[in-house]
Amino acid sequence: MSRFFSDKYSSLDAYVPGEQPRDKKYIKLNTNESPFPPSEETVRAAAREAEELRLYSDPEASLLTAKCAELYGVSRDMVLMTNGSDEILNFAFMAFCDELHPIVFPEITYGFYPVFAELNHIPYEEIPLADDFSVNYLDYVGIGKNIVIANPNAPTGIALPLWQIEEIVKSNPENVVIIDEAYVDFGGESAVCLTELYDNLIVTMTFSKSRSMAGARLGFGIASPELIRDMNTIKYSTNPYNVNRVTAAAGYAALEDNAYYMNNCRIIEENREYTQAQLLKLGFEVLPSKANFLFAKSDEIDGGELYIKLKEAGILVRHFTKEKIKEYNRITIGTRADMETLICAVRRILEEKNR
Ligand SMILES: *Cc1c(COP(=O)(O)O)cnc(C)c1O
């Protein structure tokens, strides 16, 4: 830290992204990217738009916003496109939370929530999960604080049914409820349909997971026009051109090719069921996932040790050192071939250990 770093950030514990090593070619099952490439038209649209890079992007991302609103069945003034969904999450923390409006979220969830809270000096409370690692919705009903919940949750993969989300939103009418649907396309129930009914609900989504565009940085939020307007005030006070030209064009093409991406999601779901069945056969405990990853542990091998052995075998998974989940690894679902390679490696590692 330099002697110039502001006191207001000096104790900040920054978010640690999953590793992206370049020392050799890994099967990457550690950051929940898609194993499938963007559609051909997505790539062509990006290449065409690159010729216009001399010019600033449209600050309203008008075409993309309209396309997104149409696909999700809401009006345009209910959509805000952002630089990844991390950006809209930060906008929401900045716009609606402060000393007097704290935020609550599950104790085990997306690691960025406490970082956004600390960055913006927002008091926060972490609510423990139930013993089965699910979010107990009753903990949030009528809590009278702002709330952010990833649904499906990460890194557990467990989803709440829509009616429980509605109970949480309905019972906290004076607070903002953010539902982070980064993984909803892999079998969860979206709360977008509730955004017309409740003016305190923000649903966020991303192109990073189900739409093969993690490197393009594109996300969005759907909420009442009033909430969108407030988050736009933050956007125009920080980065009006937050969605660049190439990404906006690629995003538009991706929404036109929605069927391609949703079909990929179905393949991921099949591969997830296959991988879960194989891990169960190998004696693992696997949480019931509606996401593009599995959260699994084995009594025969420590979570950290399995992570290291898999890395030596050229397979990256995500291991967290937090006490309550350190026995587990989060395994992104890749192609069927990726998952067969993973299962073979796990079987060999366990056999060598028992020899
Ligand atoms: C990946 C992820 C995001 C955001 O990713 P972006 O790449 O910034 O869109 C948000 N929430 C959760 C729970 C995630 O796993």
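The values are calculated or read from the model by the stated rules, or taken from the named source; none is laboratory data. Model, not experiment: these values are computed from the prediction. Every residue, glycine among them, receives a Cβ derived from its backbone with ideal geometry; neighbour counts consider all protein chains shown.
Give me the residue from region 84-99 that is more than 16 Å from the ligand (Cβ to nearest atom) and in a helix (DSSP H, G or I) and, out of that set, nearest to Ile149 (Cα to Cα). Lay out the reasoning, then the answer.
Of all residues in region 84-99, those more than 16 Å from the ligand (Cβ to nearest atom) come to 95-99.
In the following step, the residues that additionally are in a helix (DSSP H, G or I) were identified as 95-96.
Working: Ala95: 17, Phe96: 15 Å.
The selected residue is Phe96.
Can you pull out every residue in region 191-228 that is free of Cβ contacts under 8 Å to residues at least 40 places away in the same chain and under 16 Å from Thr65 (Cα atoms)?
Val203
Considering only region 146-171, state which residues are of a type in the set (Ser, Thr, Tyr) and either touching a strand residue (DSSP E or B) at 6+ places or on another chain (Cβ under 7 Å) or buried (at least 23 other Cβ atoms within 10 Å of the Cβ) (or both).
The one that is of a type in the set (Ser, Thr, Tyr) and either touching a strand residue (DSSP E or B) at 6+ places or on another chain (Cβ under 7 Å) or buried (at least 23 other Cβ atoms within 10 Å of the Cβ) (or both): Thr156.
Please go through region 31-71 and pick out each residue that is out of contact with any Asp or Glu (no Cβ under 7 Å at 6 or more places or on another chain) and within 16 Å of the ligand (Cβ to nearest atom). Walk me through it before giving the result.
Our first condition is that a residue be out of contact with any Asp or Glu (no Cβ under 7 Å at 6 or more places or on another chain); within region 31-71, this holds for 31-34, 36-38, 40, 43-71.
The answer is Thr31, Asn32, Glu33, Ser34, Pro38, Ala61, Leu64, Cys68.
Check Lys326, Lys281, Lys311, Lys322 and return the single one that is surrounded by fewer than 18 Cβ atoms within 10 Å (Cβ to Cβ), away from the ligand (no atom under 15 Å from the Cβ) and at pLDDT below 95.
Lys322
What's the total number of residues in region 49-65 that are assigned to a helix (DSSP H, G or I) and under 23 Å from the mean Cα position of the chain (by Cα)?
Of the residues in region 49-65, the ones assigned to a helix (DSSP H, G or I) are 49-50, 62-65.
Imposing the further condition that a residue be under 23 Å from the mean Cα position of the chain (by Cα) reduces the set to 64-65.
The number of residues fulfilling the criteria is 2.
Considering only region 190-225, how many residues are in contact with a Pro (Cβ under 7 Å, 6 or more places away or on another chain) and more than 16 Å from the ligand (Cβ to nearest atom)?
Matching residues across region 190-225 total 1.
Within region 197-234, which residues are of a type in the set (Lys, Arg) and closer than 30 Å to Glu174 by Cβ?
Arg229
Within region 146-193, can you find the residues that are within 17 Å of Asn136 (Cα to Cα), assigned to a loop (DSSP other than H, G, I, E, B) and of a type in the set (Gly, Ala, Ser)?
Of everything in region 146-193, those that are within 17 Å of Asn136 (Cα to Cα), assigned to a loop (DSSP other than H, G, I, E, B) and of a type in the set (Gly, Ala, Ser) turn out to be Ala154, Gly157, Ala159, Ser171, Gly188.
Just to be sure I understand, how many residues within region 107-145 are within 15 Å of the ligand (Cβ to nearest atom), in a helix (DSSP H, G or I) and either surrounded by fewer than 16 Cβ atoms within 10 Å (Cβ to Cβ) or β-branched (Val, Ile, Thr) (or both)?
Within region 107-145, residues that are within 15 Å of the ligand (Cβ to nearest atom), in a helix (DSSP H, G or I) and either surrounded by fewer than 16 Cβ atoms within 10 Å (Cβ to Cβ) or β-branched (Val, Ile, Thr) (or both) number 1.
Among the listed residues Lys67, Lys28, Lys8, Lys24, which satisfies the condition of being basic (Lys, Arg) and in contact with a Phe, Trp or Tyr (Cβ under 7 Å, 6 or more places away or on another chain)?
Going through Lys67, Lys28, Lys8, Lys24 in turn, just one is basic (Lys, Arg) and in contact with a Phe, Trp or Tyr (Cβ under 7 Å, 6 or more places away or on another chain): Lys67.
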